[in-house]
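**Student:** Got a structure for you, questions after.
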Amino acid sequence: MPLRSDWSEALCPVQRALEVVGDPWVLLIVRNVLHGNGRFEALRASLGISEAVLSRRLHGMVEAGLLTRAEYSSGNRTRWGYAATEAAAELLPILQQLALWGEKHTPLPAAGAHMAMVHETCGSETRQGQICSTCGEAMASEEMIWVKPWKGSRDHLVGPGVVVPG
């Protein structure tokens with residue numbers, strides 16, 4: 001039994017968009033792929049998602065035009081991963097606004113710390129999702145760094161079509 005109606009033919013663009021990106025796994029997968037983690041095993045491990053659920057989501061995201069399958073080399077072998085399309089990269093401002101909203105309106109776990117989004121072009125932290133709040137320039141995914149103190153990492157985001165081998 002479906003959990004909700006099919007909104008793919010809805011006149012409202014919000015409903016049509018939610019038909020594609022309304023599943024939380026979709027946005028989390030896009031986030032990881034934009035962070036260069038488009039390999040199946042990397043996605044499965046970092047998200048804690050079952051192989052079956054991940055396979056279904058990836059297949060649906062390719063069909064919806066959010067991801068493409070991309071070849072990459074790992075040692076002597078050619079492997080397949082997933083890369084963001086332009087449509088997925090255009091979700092970055094939404095992901096950044098969700099992160100900012102989460103920082104402001106949800107309690108920070110005991111081991112947590114502030115996540116900073118840095119516009120690499122000007123080197124400053126931004127408090128907006130699409131336009132840098134410091135320099136006023138539009139921000140492409142490949143110009144962004146997410147500083148995650150709880151992981152001790154500075155994740156450089158990647159642009160459409162990029163799969164980072166592991």
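**Student:** Since SER8 meets every condition but one in (1) free of Cβ contacts under 8 Å to residues at least 40 places away in the same chain; (2) assigned to a loop (DSSP other than H, G, I, E, B); (3) under 15 Å from ALA84 (Cα atoms); (4) small (Gly, Ala, Ser), which condition does it not meet?
**Tutor:** Single failed check for SER8: (3).
**Student:** Out of the residues in the stretch 74-112 that are of a type in the set (Gly, Ala, Ser) and touching a Pro at 6+ places or on another chain (Cβ under 6 Å), state the one that is nearest to THR126 (Cα to Cα). Break it down into steps so the answer makes sense when it comes.
**Tutor:** Applying the first criterion (of a type in the set (Gly, Ala, Ser)) to the stretch 74-112 yields 74-75, 81, 83-84, 87-89, 99, 102, 110-112.
So of that shortlist, the ones also touching a Pro at 6+ places or on another chain (Cβ under 6 Å) come out as 74, 84, 89.
On the way: SER74: 35, ALA84: 23, ALA89: 18 Å.
Once the filter is applied, the top-ranked residue is ALA89.
Residue-by-condition table, conditions (1) closer than 27 Å to VAL20 by Cα; (2) of a type outside the set (A, V, I, L, M):
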site	(1), (2)
ARG79	yes, yes
LEU91	yes, no
THR134	no, yes
SER141	yes, yes
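**Student:** Also, quick follow-up: Is it the case that ASN37 is under 28 Å from GLU143 (Cβ atoms), without any contact (Cβ under 8 Å) to a residue 40 or more places away in the chain, of a type outside the set (Gly, Ala, Ser) and in contact with a Leu (Cβ under 8 Å, 6 or more places away or on another chain)?
**Tutor:** On the way: under 28 Å from GLU143 (Cβ atoms): yes; without any contact (Cβ under 8 Å) to a residue 40 or more places away in the chain: no; of a type outside the set (Gly, Ala, Ser): yes; in contact with a Leu (Cβ under 8 Å, 6 or more places away or on another chain): yes.
Against the criterion (under 28 Å from GLU143 (Cβ atoms), without any contact (Cβ under 8 Å) to a residue 40 or more places away in the chain, of a type outside the set (Gly, Ala, Ser) and in contact with a Leu (Cβ under 8 Å, 6 or more places away or on another chain)), ASN37 does not qualify.
**Student:** What tally of residues in the stretch 113-157 results from selecting those that are modelled with pLDDT under 90 and in contact with a helix residue (DSSP H, G or I) (Cβ under 6 Å, 6 or more places away or on another chain)?
**Tutor:** Counting residues in the stretch 113-157 that are modelled with pLDDT under 90 and in contact with a helix residue (DSSP H, G or I) (Cβ under 6 Å, 6 or more places away or on another chain) gives 3.
**Student:** Take the stretch 11-31 and flag every residue that is among the aromatic types (Phe, Trp, Tyr) and either part of a loop (DSSP other than H, G, I, E, B) or loosely packed, with under 13 Cβ neighbours inside 10 Å (or both). Steps first, please.
**Tutor:** Initial filter on the stretch 11-31 (among the aromatic types (Phe, Trp, Tyr)): 25.
None; the set is empty.
**Student:** Going by the conditions given, is ALA64 under 17 Å from the mean Cα position of the chain (by Cα), under 25 Å from GLY159 (Cβ atoms), small (Gly, Ala, Ser) and surrounded by 12 or more Cβ atoms within 10 Å (Cβ to Cβ)?
**Tutor:** Values: under 17 Å from the mean Cα position of the chain (by Cα): yes; under 25 Å from GLY159 (Cβ atoms): yes; small (Gly, Ala, Ser): yes; surrounded by 12 or more Cβ atoms within 10 Å (Cβ to Cβ): yes.
Yes: the conditions hold for ALA64.
**Student:** Then there is this: Go through (1) assigned to a loop (DSSP other than H, G, I, E, B); (2) closer than 15 Å to GLY38 by Cα and name the single condition TRP80 misses.
**Tutor:** (1)
**Student:** Within the stretch 121-166, which residues are under 17 Å from VAL33 (Cβ atoms), part of a loop (DSSP other than H, G, I, E, B) and among the small types (Gly, Ala, Ser)?
**Tutor:** Matches in the stretch 121-166: ALA140, GLY159, GLY161, GLY166.
**Student:** So, one more: Going through THR106, THR68, THR85 one at a time, which residue ends up being closer than 30 Å to SER5 by Cβ, among the hydroxyl-bearing types (Ser, Thr, Tyr) and without any contact (Cβ under 8 Å) to a residue 12 or more places away in the chain?
**Tutor:** Values: THR68 fails: without any contact (Cβ under 8 Å) to a residue 12 or more places away in the chain; THR85 fails: without any contact (Cβ under 8 Å) to a residue 12 or more places away in the chain.
That would be THR106, the only listed residue that is closer than 30 Å to SER5 by Cβ, among the hydroxyl-bearing types (Ser, Thr, Tyr) and without any contact (Cβ under 8 Å) to a residue 12 or more places away in the chain.
**Student:** Being outside any loop (DSSP other than H, G, I, E, B) and within 15 Å of LEU67 (Cβ to Cβ) is the filter here; which residues of the stretch 32-43 pass it?
**Tutor:** Residues of the stretch 32-43 outside any loop (DSSP other than H, G, I, E, B): 32-34, 39-43.
Selection gives ASN32, VAL33, LEU34, ARG39, PHE40, ALA42, LEU43.
**Student:** Take the residues of the stretch 129-156 that are out of contact with any Asp or Glu (no Cβ under 6 Å at 6 or more places or on another chain) and in contact (Cβ under 8 Å) with a residue 40 or more places away in the chain: which is surrounded by the most Cβ atoms within 10 Å (Cβ to Cβ)? It would help to see each step written out before you state the result.
**Tutor:** Residues of the stretch 129-156 out of contact with any Asp or Glu (no Cβ under 6 Å at 6 or more places or on another chain): 129-142, 144, 147-156.
With the extra rule that they be in contact (Cβ under 8 Å) with a residue 40 or more places away in the chain, the set shrinks to 139-141, 144, 155-156.
On the way: MET139: 25, ALA140: 16, SER141: 23, MET144: 22, ASP155: 18, HIS156: 16.
Across the stretch 129-156, the extreme among qualifying residues is MET139.
The values are calculated or read from the model by the stated rules, or taken from the named source; none is laboratory data. Just so it is clear, the model here is predicted, and its values are computed rather than measured. All Cβ positions, even for glycine, are placed from backbone atoms using ideal geometry, and neighbour counts span all protein chains on display.
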